[in-house]
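Take a look at the structure below.
The values are calculated or read from the model by the stated rules, or taken from the named source; none is laboratory data. Note that the structure is predicted; figures quoted are calculated from it, not measured. Virtual Cβ from ideal backbone geometry, glycine too; neighbours counted across all protein chains shown. Please note that ligands, DNA and RNA were not included when accessible areas were found on the heavy atoms of the full protein model with its side chains. Shrake-Rupley method; radii C 1.70, N 1.55, O 1.52, S 1.80 Å.
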Amino acid sequence: MSESYDVVIIGGGVVGCAVAWYLSRFDLRVLLLEKELDICCGVSKANTGILHARSYHTPSTLKGELHLRSLPLLDEAEKELGISFLRCGALTVAFSKEEETYLRILKARGGSSGEIVTPLEIKNFEPYLSDKVYAAFYDPETRVISPFKLTVALAETAFQNGVEFIFDAEVTAFEEDGKRVSLHAGGKKYTACFAVNCAGLSSSRLAWLCGDKIEAIKAYRGQYFVLDKMFAGYVKRVIYPVPSSESKGILVTPTPEGNILAGPNFEEADTTETTLQGLEEVAQGARRLVPSLPLENSITHFSGLRPTLPDRDFHIFFSQRFPGVLHLCGIESPGLTSCFGIAAYVGDLLRSRGLRLVEKRNFEYRKPFPVFSELTDQEREKLIAQDPDWGKIICRCEEVTLAEVKHALLFSPGARTLDSLKRRVRTQAGRCQGSFCGMHLPKIMMEVLGIDYRSLVKSGKRSWLLAGETKEVNFSA
Amino acid sequence: MAAALSAWENGARRVFLLERGEELGGILNQCIHSGFGLHKFGEELTGPEYAERFAQALKRTGVEVLLETPVLRLSPDRRVTAVQRGGIFEFRPRSVFLSMGCRERTRGMINIPGGRPAGVFTAGLAQYLVNVEGYLPGKRFVIVGSGDIGLIMARRLTLEGAKVEAVVEIRPTLSGLVRNYVQCLLDFDIPLLLSHAVSYIYGEERVEGVVVCEVDSKGQFIKGTEEAIPCDTVLLSVGLIPENELSRQAGIPLCERSGGPYIDERFATMREGFFACGNVVAVFDLVDYVTLVGEIAGKHWKESEKRTPRFRLLPGEGIQIVLPHYLCNPRQGMLFIRAYRALNKAHLLFSFKGKVFYTFPVPVCRPSEMLRLESRRIPWPEEGGEITVEITGEEIQGLS
């Protein structure tokens, strides 16, 4: 027996979720398969969260095309997804006359939105920026978002509009079944007219499983520092150096939550471990831009991976052997920015192969669940009157209430792990990094999810949290 | 609790105690080992027992205790906004006593690179899981830092049947109390690696081990000394930070060195009507001192207007912290002093305008054990001004 769908999406990163969200507006039966226990567990969970402006698109590439296609969709997406971007703008700083020439290229690429500013002008709004800055390009169009928040919002909207999500389901084989394609995942078989491979770092492996020729995805790591919210406002805009051929360089950026991120470096590595050397490189790169950046007040470090192909472009193509399988490979930066454009493009491609896209009458915008820390006292009072759990703070650093934790656990596709709670409601994401809320979360998760301590995990299936109960003595023996 | 009691005993009649936890006592409730109250009560109590004495005493007063009521905001004009299941409350008292305690330093603050597997806990979090919730967070432990919570957890975990492979301390001396070293590590054959640091945590999903490395006198890793220790859990006991987020909101001047508000001998802060007591001022080594400080502060509840300090006390050579920072009335109060290094045959030197005017002998001093001195014993100069406190002596190597 196998379940039958119009489209199966493989991978619950920001791209997979964006495709799911896009398709959820049409009368289709859509399934998203994710090998981890939650969405946003791979490439999407660790990046800078910048929605790069037009000036940062890469001309004459698919990457650049989809980047540009995405930008006009952002405002609409904000409404539909019930999220808000931080409209902070960006400064690209040049340290020499030679570097300044690059600013002119950026300006030309960005059209009329940006302007070149002098050190004196910059100092007014970024007082901590290096004195050695020669000139800068200011682009007001640049926005920032939490990549978790975006991915979760996409997934929740898709879910609310009928997309099914199955976790712990790694795709291990494709099969031909007449005109339809079948996928084996997590011990089950799923059949669909189309499958969309949004598997990030695993995307070329899946293409190979279909017998398609594509070069191996290579991971390039970038490490980051996360600064305490105490320093919110220290840097108000995304501050880029002049980019290199490899990456946009080590930058400093505010986050919508009030932290400051410094990173990423660019190194060949396929694990998300951090290293002293890498962090040192990031520290140097960040201090080149903002010499007094209080990195000693970082609350944590992390690293993310860029899934790249040799030509550094996105490769989106139908399988040779399975005409219904669409591969999305090499979706590295600006994948987050481009996700809306990619989703629309995927829609076009599937339509061109015969998928009927009939708009639903009842497509619903996401109604975001309230965030206690962002509410006024009057709004809080109202919520507490409805449900006293709104008056019970679980995470003191980020002011997260029991009501929010419960909702994150119960609302599907819900949080099943400590890390997925972090990505949804920011428990354990504050300055104590879970030393306080970590005391209470295990019990709450066990109670709300109806599981015992053996099923409590941090992220992956083997990331167990507790080894056993104390005093496990059997007196009857 | 000590401040509330003391304020009540000294005539305050509208006293509210706002507690974010479900019970009074804070972290004491998870400290089920004994050793609390030796100074205060002359007997060895467990943490919950110690807390219980104060909770009981409070019941005999009219202090109104609000549990599960964290403070959301604190304004410079003493508006206190708190939340609980019943709603949001606002208070505007004559005096506010800050006693939010401290928080543990985390992995991000000490830069241990590596993977991000499950199984890295602060020692206090692990203590809560074991002692209150009844779960073992792992089976094979490496403890980073020789702070008291880490030492006590080493013993606790051993008693629960877990294996503690080592306690790794980056400094050449112990961070916690010597009595905890003896009772928690020596008695249980748990190795203490001084001048060592964890340079890497590895593990895909759950911790699989750490790399431990020797460090030189500047705390830099010595190449070639790396050694892997397999384990499934890493506990961090690498110091505590006073929790002054609310103090900051209220615009109370903070001392970078002690981590808490600048205070005078009454434990009044530099902002009108705000007192601070306990670990929110600086991290004390004994709860008895925390209590004492609360009692001192509570006594002065009426004095919401500011006083002009006569002396400013400055930490000099060899000194980490001197409390209080200011003295208005030097005949009152108690000085708390923490040294940087362990010393034998030491002397505390008090100087004014470059001249030592008082010397106080200290046979043995350790950074982990605060020195305490009654202010009135010191022959303060007639004139006001800056006083520098220094300590000199013979440096102690290792644990000897």
For this session: Answer yes or no as to whether B:V167 is within 28 Å of A:W464 (Cβ to Cβ) and within 14 Å of another protein chain (Cβ to nearest Cβ).
Result: no
For this session: Residue by residue through segment B:254-293, note down the ones that are open to solvent by 10 Å² or more (accessible area, probe 1.4 Å), touching a Cys at 6+ places or on another chain (Cβ under 6 Å) and of a type outside the set (S, T, N, Q).
Result: B:Y262, B:V283
Exercise. Taking segment A:356-372, which residues are open to solvent by 10 Å² or more (accessible area, probe 1.4 Å), in contact with a strand residue (DSSP E or B) (Cβ under 7 Å, 6 or more places away or on another chain) and not acidic (D, E)?
Worked result: A:L357, A:V358, A:K360
Seminar exercise, completed: Checked segment A:234-291 for anything assigned to a strand (DSSP E or B) and of a type in the set (D, E, K, R); matches are A:E267, A:E268
Seminar exercise, completed: Of the conditions (1) part of a helix (DSSP H, G or I); (2) in contact with a Ser or Thr (Cβ under 9 Å, 6 or more places away or on another chain), the single one that A:S202 does not satisfy is (2)
Problem set entry | Options B:I112, B:I149, B:I143; residue that is in a strand (DSSP E or B) and either β-branched (V, I, T) or touching a Leu at 6+ places or on another chain (Cβ under 9 Å) (or both) | B:I143
For this session: Just give me the residues in segment A:395-417 being open to solvent by 10 Å² or more (accessible area, probe 1.4 Å) and within 10 Å of chain B (Cβ to nearest Cβ), in sequence order.
Result: A:R396, A:C397, A:E399, A:L402
For this session: Would you point out which residue out of B:E90, B:E49 is open to solvent by 40 Å² or more (accessible area, probe 1.4 Å), free of Cβ contacts under 8 Å to residues at least 24 places away in the same chain, more than 7 Å from every other protein chain (Cβ to nearest Cβ) and under 24 Å from the mean Cα position of the chain (by Cα)?
Result: B:E49
Problem set entry | Subset of segment B:206-251 [assigned to a loop (DSSP other than H, G, I, E, B), surrounded by 16 or more Cβ atoms within 10 Å (Cβ to Cβ) and not small (G, A, S)] | B:V207, B:E208, B:C231, B:D232, B:V238, B:E243, B:N244
Problem set entry | strands (runs of 3 or more DSSP E) fully within segment B:294-400 counting 1 or more residues that are open to solvent by 40 Å² or more (accessible area, probe 1.4 Å) | B:311-315, B:319-323, B:343-352, B:355-365, B:371-374, B:385-395
For this session: Could you pull out the residue among B:L24, B:L58 that is open to solvent by less than 40 Å² (accessible area, probe 1.4 Å) and in a loop (DSSP other than H, G, I, E, B)?
Result: B:L24
Exercise. Within the set of pairs 6 or more residues apart or between chains, which connect a residue that is within 14 Å of another protein chain (Cβ to nearest Cβ) and in contact (Cβ under 8 Å) with a residue 12 or more places away in the chain inside segment B:188-205 to a residue that is open to solvent by 50 Å² or more (accessible area, probe 1.4 Å) and among the aromatic types (F, W, Y) with Cβ atoms less than 6 Å apart?
Worked result: B:S199/B:F221
For this session: Could you look through segment A:423-452, keep only residues that are closer than 14 Å to B:A118 by Cα and in a helix (DSSP H, G or I), and pick out the one that is farthest from the other protein chains (Cβ to nearest Cβ)?
Result: A:P442
For this session: Report yes if some residue within segment A:463-474 is facing chain B (nearest Cβ under 8 Å), within 22 Å of B:P70 (Cα to Cα) and buried (at least 16 other Cβ atoms within 10 Å of the Cβ); otherwise report no.
Result: no
For this session: Search segment B:95-109 for residues being more than 9 Å from chain A (Cβ to nearest Cβ) and outside any loop (DSSP other than H, G, I, E, B), and hand back the single one that is surrounded by the most Cβ atoms within 10 Å (Cβ to Cβ).
Result: B:L98
Exercise. When A:L73 is evaluated against the numbered criteria (1) part of a helix (DSSP H, G or I); (2) open to solvent by less than 30 Å² (accessible area, probe 1.4 Å); (3) hydrophobic (A, V, I, L, M, F, W, C), which criterion, by number, is the only one it fails?
Worked result: (2)
Exercise. Of the residues that make up segment B:147-163, is at least one on the phi > 0 side of the Ramachandran plot, surrounded by fewer than 22 Cβ atoms within 10 Å (Cβ to Cβ) and more than 9 Å from chain A (Cβ to nearest Cβ)?
Worked result: no
Seminar exercise, completed: Selection from segment B:72-85 of residues more than 10 Å from chain A (Cβ to nearest Cβ) and open to solvent by 20 Å² or more (accessible area, probe 1.4 Å) yields B:S75, B:P76, B:D77, B:R78, B:R79
Seminar exercise, completed: Apart from one, (1) within 30 Å of A:S60 (Cβ to Cβ); (2) open to solvent by less than 50 Å² (accessible area, probe 1.4 Å); (3) out of contact with any strand residue (DSSP E or B) (no Cβ under 6 Å at 6 or more places or on another chain) all hold for A:R353; the odd one out is (2)
